[in-house]
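Okay, structure first, notes after.
The values are calculated or read from the model by the stated rules, or taken from the named source; none is laboratory data. Just so it is clear, the model here is predicted, and its values are computed rather than measured. Backbone-built Cβ (ideal geometry, glycine too); neighbour counts: all protein chains shown. Calculation scope for accessible area: heavy atoms of the full protein, side chains included, ligands and nucleic acids excluded. Shrake-Rupley method; radii C 1.70, N 1.55, O 1.52, S 1.80 Å.
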Amino acid sequence: MVKRSHRRVQIAGALLLVVAARSAHAQSAPATAAIGPEAIAAPSLDFAEQPDMVKGYDRYFYFHREATSFAEALADLEECDGYARGLAYRIKPNPDDPLVKNTLFGPVFEAIGARLSDRLFGVPERRKARRINMRVCMGYKGYHRYGLPQAIWQSFNFDDAATAPAEQDREKMLMQQARVASGPHPTRPALN
């Protein structure tokens, strides 16, 4: 049963990647000016691993590929970010619900319920879809994933499921990610 649901998540991620690819031209980030890696502050990836951190590695990770230049890593990250941004996940209320259908305040309850359900279910699903799309896209390009604690991950990554970062902040973080992805080989083992 667990293998089946894991497979479904992989299939859903692949389908989301295909759908996102079709709209990538409309949503892709603007091209970045030629900036060298020396101009980008490299985040510190040093930490003492704790057993409870390993559980979060499915959510908090970075990419690395051997013999990759900063420019290649940045182009790959920008492309994959274009596929993973602007994903939609909406829950529609049931129109046959008696509270919605038979009352004067039905449309009000429907609107409030839709906003609340999006906050409760939509935001986590968009985060999950973004992670899956980034993993699939960067994995296809030959990058390996390495786990990080949440605090370090948040210092140079963004989560645009609820609110997207400003484009300038997004580019800065993508450049930091590219610096790490093209930097020295990580000391920890790669994730599956």
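Odds and ends about this structure:
- Taking all protein chains into account, the per residue accessible area for the range 112-192 stands at 53 Å² (1.4 Å probe).
- With the simple spin-label model, which puts each label point 7 Å out from Cα in the Cβ direction, the ASP58 to ALA166 separation comes to 3.6 nm.
- Of the solvent-accessible surface of the range 34-86, computed with a 1.4 Å probe and all protein chains present, 53% belongs to carbon and sulfur.
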